[in-house]
Structure formats: structure tokens, C-alpha cells
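The values are calculated or read from the model by the stated rules, or taken from the named source; none is laboratory data. Not measured: the values here are computed from a predicted model. As a convention, Cβ positions derive from the backbone with ideal geometry for all residues, glycine included, and neighbour counts pool all protein chains shown. The area values use the complete protein model at the heavy-atom level, side chains included, leaving out ligands, DNA and RNA. Shrake-Rupley method; radii C 1.70, N 1.55, O 1.52, S 1.80 Å.
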Amino acid sequence: MKERYVPENDVPRWPSDDKDTSSAEPKGTKGAGEATVWLPMSGLANGKTEELAVPKVTPESDSWFQPVVEVDEEPDVADTPSPKWSAFEPVTPVEPAETAEPERPEAPKTVFVQPVQPRQTDEPDWDQFDQGAAAPTRDHELARPEPQRQEPPQSFPQDPPRRPEQNRVEPPPPAPVPSATMHARPVRIEPAEERFDSEATVGIQRPEPPSQEPPADEAAAAPAPKPKRKRKALLITTLVVVLLLAGMGGAAAMPKVSNRFGLPWAPNAPKGDIPKPAGVTRVLHGPDINGAGPTKEGLAAALSGPAGAPDLGTLTGTVVDASTGDVLWDKNSGTPLTPASTTKILVVAAALLSMDHGTQFSTKVVQGADPGTAILVAGGDPSLTSLPLGTDSPLYPGAAHVDDLVAQVKKASGGKITKVLLDISLFKGPTSAKGWDPEDTAAGNTYMAPVLPVMADGGRNDPKNDHAPRVANPAAALTQKIAGKLEAQAGGTTTAPKDAKVLGEVKSQPLTEFANSLLQLSDNLMADVLARQLALAKGAEASFVGGATATMDVLKQAGFDLTGVQINDGSGLSDQNKIPAKVLSEILAVAAAPDGKDPRTAKLRPLLAGLPVAGGSGTLEKRYGDPASSAGRGWVRGKTGTLSGVNTLAGVVLDTDGRMLVFALMSSGSDQNKGRAALDVVAATLHKCGCR
């Protein structure tokens with residue numbers, strides 16, 4: 001019975017977690033006497049060569065080779081401490097102005113004036129009594145003062161308007177008023193901007209309560225009125241203000257508040273000068289080419305143990321110095337073996353060599369023969385996402401949105417669409433390749449879907465989960481989703497007229513980003529779709545055969561020796577694919593070569609950006625955790641491959657001298673877990689080795 005094989009990203013068997021969790025990478029060590037060559041990154045975009053954002057390839061200046069995780073056994077690099085600072089400018093406290101002493105009249109006089117509107121009734125003035133005070137029952141019970149001689153009111157500059165209490169008859173002169181400096185009394189500021197004690201009045205001196213008990217006859221004659229409501233309100237207002245100020249002062253003393261407003265006593269107050277903005281350069285460091293590189297003898301001695309591990313089964317492989325192109329280690333690298341997902345290196349390389357790097361794949365909705373009919377025209381973009389607008393796809397960053405397409409159709413049609421049909425005529429031939437197991441495209445599979453030219457989220461039923469089950473017919477499922485959003489009915493398949501009116505159109509991320517997602521996730525569906533897009537670009541049929549033929553033709557025309565290569569798909573799911581390790585290493589060596597040495601390098605450089613990082617991203621995120629391979633965490637970048645009995649790894653790594661090494665390792669007849677771990681040890685040994 002044929003042995004069941006399953007690709008590396010099948011969750012039930014070989015989980016492939018590949019969310020990019022990379023972070024700032026620690027710097028490497030530069031050997032004495034070594035030089036660094038600057039590699040301006042360029043590629044084809046929009047028909048011309050442009051600078052591209054591709055990872056850096058040396059440890060200087062935050063190279064893309066720097067580890068994204070903690071790396072052991074690395075030499076410490078002394079960092080010059082930078083001055084501590086914060087985003088807040090130093091705040092100079094303002095000294096409060098001295099409070100002016102209130103001016104008091106030298107000899108306050110009591111002036112008696114006649115009321116402006118004398119009362120014409122015998123009823124008492126009830127406003128003189130607070131609530132709860134004993135009110136007189138008869139007017140004759142009030143002791144009225146004898147008429148006094150009137151004097152003109154004392155004049156002050158800008159006399160303020162008189163209040164009602166200034167017009168009443170005052171009792172006999174009070175006892176002397178204590179100085180305001182002896183008691184903490186509030187200060188009242190009149191409109192004339194003159195300051196008085198809160199008990200003082202303008203033009204009339206309000207009597208203070210006597211310091212001694214008044215005579216019994218006076219107390220019986222005129223009961224002393226209680227303070228006014230206004231005075232009580234003033235005291236309450238003053239108390240509230242004091243409490244507010246106290247609360248604000250307490251809040252200002254809290255670290256979070258003081259930091260937020262940049263107060264001088266804030267814990268995060270600047271302790272040094274704010275540094276000047278630094279310029280940013282997009283030029284990449286290339287590999288060291290002048291320093292001493294590893295020798296064949298040294299490398300052979302270092303790898304004799306790890307490469308001979310029994311867990312590797314039958315191992316073939318090669319190691320190349322990227323700066324010189326010299327082969328430093330070789331073990332039957334010309335023998336074709338099953339490559340599994342490292343097949344994707346050939347497809348991505350061919351696409352980058354022959355297609356514009358800014359190429360985008362379109363998905364359209366056009367009007368059918370009936371004005372109420374719309375046709376979904378598949379353009380070969382499986383990354384279209386069903387997530388809402390404003391939510392980027394975690395699997396395919398920069399992917400187009402279904403909601404965007406639907407919104408365009410609604411606007412163009414006026415919301416009159418009643419039926420949605422599907423046009424998937426772009427791709428030809430079967431939806432599964434030679435050498436695939438029938439279960440590879442069955443419903444519920446987690447690593448592959450039928451190869452169709454349109455679908456949402458790679459055919460997954462969860463747009464955020466790479467390991468979510470795939471639907472049996474993802475193109476029809478997307479048609480139904482769009483029809484539902486348009487409140488229309490989903491119909492069957494058709495072929496859209498060439499001159500049909502376009503109701504809506506969205507485009508995928510550019511080719512370089514498309515390839516990056518493909519390599520990071522080891523996305524089988526995207527790889528086979530890209531092979532068909534390559535076939536279309538070369539004028540061939542968009543099928544498995546057409547894609548494989550176009551891939552081989554482009555690489556041969558680019559000068560690569562493909563002796564022994566046989567491919568039936570672009571994903572590597574086929575167990576009948578055969579590739580020698582030296583073909584993988586030659587392609588990667590050109591991508592990692594110093595700039596200007598090979599004209600193919602600029603086109604292939606983006607290939608390095610998509611390689612997963614050991615212990616940091618993609619299909620290598622959860623690897624390199626064992627002590628034997630932990631030295632490679634963050635330093636090894638490689639494309640993985642796994643099928644039943646097959647484990648492969650091809651990529652790049654920096655050694656301890658900062659020299660870039662390209663490697664391709666292919667294991668046949670090995671256990672999945674043990675074989676993977678053994679390959680990781682070999683790659684980690686390359687990083688630890690100076691190997692002279």
C-alpha cells in the first residue's frame with residue numbers, strides 16, 4: 001500500500017505555525033579586517049528597475065540576519081549608552097507672585113444713611129433674619145434707634161454700586177476691629193480692584209460682634225441677627241475652591257499625571273538633551289567579501305558529526321560561500337531527491353526573474369447580458385479576504401477586501417443586482433496535480449484547496465487561522481457570499497463578455513509581497529496559483545503542466561543548470577517531484593551574491609525576504625528550541641519542506657565571522673520530527689563555525 005504523505009503545514013500531523021513574530025534583532029560580530037559592501041536593493045517594478053525593501057544581509061546596521069530572538073553564545077557588543085530623555089520639554093517652574101497685603105482704611109468710619117426706599121409699613125424687615133431665627137411678632141417689639149445725625153458717605157475712587165444692606169440703619173458703633181494680619185480671613189476684591197477683608201464694606205463699616213457680653217438691656221432691646229445666607233454661600237464656595245485646588249495639587253503629584261503634562265517633578269522628566277532626528281537609509285549591507293572565510297577543511301570537520309547523524313537517513317546537501325560562489329562542502333548534491341515544499345523556491349525565483357515585481361492580480365465583477373445580472377470574473381487571486389474593511393488580513397497582508405468589491409458593485413448598479421454568476425475560465429485542466437493524494441483537496445483539509453482562480457482567504461473557513469479547514473468549492477462559496485451581500489441570488493458558471501461593463505474591481509498585493517506571504521506560510525495554494533500566473537505571463541496554458549513548464553523554461557533561460565529536475569506542481573505536494581540540492585543552493589547563492597556581481601541578483605533578492613526566520617517567523621517559528629540547535633535562532637533563514645519520509649531545508653546563515661553561507665539540505669527516509677531536528681542542528685553548526 002502506498003505510504004500516506006502529508007505536507008509540512010498539515011496541522012493534525014505536522015503543524016506549521018508561521019505568524020511573523022520577529023522583533024529587533026541583536027547585532028552580530030564583525031571580524032577584524034573585514035569590510036562590508038553596500039548592496040542597493042533594486043528590482044523590476046512597473047516596467048523599470050526600482051529600489052526594493054529587502055532584508056539586510058549582514059549584522060551591521062540592523063541586518064535582516066540579526067536574530068529576532070535571544071541568541072546564546074554570541075560575543076557581547078558594547079553599546080554606547082544614549083542620554084535619557086522623554087518627549088516632554090523641561091518645564092521651568094514659575095515663582096508665584098507675592099500676595100499683596102490687603103489695604104485697610106486707616107480709620108474706618110461708620111456712616112449712617114437713610115434708606116433709599118423707606119418702608120411704609122409697620123411690618124418688620126424679614127430679610128434681616130435667617131431661617132430658624134426667632135422672628136418678632138409685632139413691629140413695636142423691635143427697638144428702633146434714635147435718629148442720628150447724617151453725614152455724607154465717605155467717597156472712594158470708583159464707588160461700587162450699593163447693596164441693599166448698605167441702606168439699612170446700623171446699630172451703635174462696634175468695638176475695634178482686629179487687624180487682618182492677625183487672623184486668616186479671606187480677602188474680598190471690589191470692582192475698583194481694591195482689596196479689603198471679607199467683612200469690610202465700601203462706605204459702611206459693618207460692626208463686628210462685641211468681644212464681651214452686651215448689656216442685658218441691649219440684648220433684650222435688639223436681638224443680634226445671624227450671618228446672611230450670602231455669607232454662608234461665600235464660605236461654602238471658598239471651601240469648594242480650596243478642596244478643588246487641593247485635589248488638583250494631589251493629582252499633579254501623581255506620577256502618571258505629572259508625566260502626562262510634563263511637570264518638572266515628573267519621573268519621566270528629561271534628564272538629558274533630546275537627540276536630533278537621525279536619517280534613515282534603505283541601502284542594504286551586503287555580505288563580507290574581504291575578510292577571511294571558512295575553509296573546506298574546517299567546514300568538513302565541523303559538519304562531520306551533525307551531517308552524519310542517523311536521524312537524517314539519506315542526506316544530500318551543499319554549502320556555498322555567497323561572496324565568492326565557492327562550494328565549501330558537498331555531499332552528493334547532484335542527486336535528485338523529493339524536495340517537498342522547497343519546490344516553491346523554483347517557482348518564486350522564476351516569477352521574480354520574468355514578471356514585473358509590481359504585478360497585481362485582479363478580481364472583477366462585470367455586468368451580464370441582463371442588467372440585473374452580475375458576473376464574478378476570477379483573475380487568479382486566492383488572497384482576497386472576507387474580513388471587514390479596515391481589518392488587514394493576518395495571513396495575506398495587503399490583500400484586497402470582498403466588501404470593497406461589493407461596495408463598488410452596489411454604487412455602479414444602483415443596488416439593482418438580482419443574480420450573481422461565476423466565471424472561472426482563467427485556469428485550465430484539473431484542480432489537483434499528478435502525485436497528489438486524493439485527500440489533498442478534500443473538504444476539511446487544512447493545507448490545500450482545489451486550485452481555482454478565485455476564492456476568499458485561500459479557501460479557509462476562518463480568515464485569521466492558517467490551519468483552518470478549507471471548503472470543498474471555494475470559488476462557489478465566494479460567489480454565494482457576494483450574492484448575499486448584494487441581496488441577490490447566486491447562479492452557476494458562465495463566461496463573461498470581453499467588453500462587459502465593469503461594476504467593480506480589486507487587486508491583490510504586489511508580486512513581491514504575494515511571494516513573501518507564500519514563502520512565510522509555505523502556502524501550497526498560492527504557490528500553484530503563482531505557477532499558473534507565470535504560465536499566463538509566458539503565454540502558456542494556466543494549468544499544472546503549463547505552470548511547471550514555464551517555471552523550468554524561465555530558470556533555464558536565466559542560466560541555471562536544471563539537470564535532474566522534475567516538477568509536477570508549484571507547491572511541492574507531489575511526491576514525484578525531484579530536485580538536486582545543488583539547484584536550490586545555486587538559486588539562493590545568486591539571490592545572496594554581492595551587488596553588481598551577477599545581473600540576476602537584483603531580481604532575485606526579494607526571495608530572501610520571504611524566508612522564515614529560525615525561532616522567529618513562518619514555518620521555522622517553533623523550531624530551534626532544542627539546546628543542540630538554539631545557536632541558530634534568529635540567524636538561520638530557510639525554506640522548509642516536509643512529506644512522509646522527507647525533510648528538507650534550504651536557506652542562508654551568517655557564521656561567527658559575519659560571512660554569509662548558503663546551504664541546501666535534503667533528507668530522505670527520515671522520521672518527521674527527528675529528521676527536522678537533525679537538519680536544524682546542521683544549520684546551527686554553520687552559524688557557530690568560523691571553520692578555518
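How many of the residues making up segment 518-561 are within 31 Å of the chain's Cα centre (by Cα) and hydrophobic (A, V, I, L, M, F, W, C)?
Residues in segment 518-561 being within 31 Å of the chain's Cα centre (by Cα) and hydrophobic (A, V, I, L, M, F, W, C): 8 in total.
Scan segment 454-484 for residues that are buried (at least 16 other Cβ atoms within 10 Å of the Cβ) and among the acidic types (Asp, Glu) and report the count.
Residues meeting the conditions: 2.
Residue check, Ser571 against (1) touching a Gly at 6+ places or on another chain (Cβ under 7 Å); (2) buried (at least 24 other Cβ atoms within 10 Å of the Cβ); (3) part of a loop (DSSP other than H, G, I, E, B), all met but one. Which one?
(1)
Test Asp381 against the criterion of being at pLDDT 95 or above and open to solvent by 10 Å² or more (accessible area, probe 1.4 Å), and give yes or no.
Spelling it out, it is not the case that Asp381 is at pLDDT 95 or above and open to solvent by 10 Å² or more (accessible area, probe 1.4 Å).
Determine which single condition Thr656 fails, assuming it passes every other condition in (1) at pLDDT 95 or above; (2) open to solvent by 10 Å² or more (accessible area, probe 1.4 Å); (3) among the hydroxyl-bearing types (Ser, Thr, Tyr).
For Thr656, the failing item is (1).
Can you name every residue in segment 632-653 that is under 18 Å from Pro306 (Cβ atoms), out of contact with any Pro (no Cβ under 7 Å at 6 or more places or on another chain) and open to solvent by 10 Å² or more (accessible area, probe 1.4 Å)?
none
Does Thr601 satisfy the condition of being modelled with pLDDT of 95 or more and under 34 Å from the mean Cα position of the chain (by Cα)?
Spelling it out, Thr601 is indeed modelled with pLDDT of 95 or more and under 34 Å from the mean Cα position of the chain (by Cα).
Please go through segment 330-363 and give me each residue that is of a type in the set (A, V, I, L, M) and assigned to a helix (DSSP H, G or I), ordered by number.
Ala340, Ile345, Leu346, Val347, Val348, Ala349, Ala350, Ala351, Leu352, Leu353
When you check Thr563 against the structure, is it more than 25 Å from Asp437 (Cβ to Cβ) and at pLDDT 95 or above, yes or no? I'd like the intermediate steps shown before the answer.
Working: more than 25 Å from Asp437 (Cβ to Cβ): yes; at pLDDT 95 or above: yes.
It is true that Thr563 is more than 25 Å from Asp437 (Cβ to Cβ) and at pLDDT 95 or above.
Go through segment 537-559 and count every residue that is surrounded by fewer than 21 Cβ atoms within 10 Å (Cβ to Cβ) and of a type outside the set (Val, Ile, Thr).
So the count comes out to 12.
Please go through segment 421-435 and pick out each residue that is in contact with a helix residue (DSSP H, G or I) (Cβ under 9 Å, 6 or more places away or on another chain) and more than 18 Å from Ala490 (Cβ to Cβ).
Leu426, Phe427, Lys428, Gly429, Pro430, Thr431, Ser432, Ala433, Lys434
For Gly325, are the conditions met, namely being closer than 30 Å to Thr549 by Cβ, at pLDDT below 95, of a type in the set (Gly, Ala, Ser) and part of a loop (DSSP other than H, G, I, E, B)?
Yes: the conditions hold for Gly325.
When you check Thr359 against the structure, is it more than 30 Å from Ser508 (Cβ to Cβ) and either touching a residue at least 24 places away in the same chain (Cβ under 8 Å) or buried (at least 17 other Cβ atoms within 10 Å of the Cβ) (or both), yes or no?
Numbers: more than 30 Å from Ser508 (Cβ to Cβ): no; either touching a residue at least 24 places away in the same chain (Cβ under 8 Å) or buried (at least 17 other Cβ atoms within 10 Å of the Cβ) (or both): yes.
Spelling it out, it is not the case that Thr359 is more than 30 Å from Ser508 (Cβ to Cβ) and either touching a residue at least 24 places away in the same chain (Cβ under 8 Å) or buried (at least 17 other Cβ atoms within 10 Å of the Cβ) (or both).
Can you give me the number of residues within segment 555-583 that are over 17 Å from Ala515 (Cα atoms) and in contact with a Ser or Thr (Cβ under 7 Å, 6 or more places away or on another chain)?
Count: 9.
Is there a residue being on the phi > 0 side of the Ramachandran plot, crowded, with 23+ Cβ neighbours inside 10 Å and not hydrophobic (A, V, I, L, M, F, W, C) anywhere in segment 594-611? Break it down into steps so the answer makes sense when it comes.
To start, the set of residues in segment 594-611 that are on the phi > 0 side of the Ramachandran plot comprises 596.
Filter once more, so that each one left must be crowded, with 23+ Cβ neighbours inside 10 Å: none.
Checking segment 594-611: not a single residue is on the phi > 0 side of the Ramachandran plot, crowded, with 23+ Cβ neighbours inside 10 Å and not hydrophobic (A, V, I, L, M, F, W, C).
In segment 416-448, which residues are out of contact with any Leu (no Cβ under 8 Å at 6 or more places or on another chain) and among the small types (Gly, Ala, Ser)?
Matches in segment 416-448: Ser425, Gly429, Ser432, Ala442, Ala443, Gly444.
Would you point out which residue out of Gly398, Gly334, Gly429, Gly414 is open to solvent by 30 Å² or more (accessible area, probe 1.4 Å) and free of Cβ contacts under 8 Å to residues at least 12 places away in the same chain?
None of the other options fit; the residue is Gly414.
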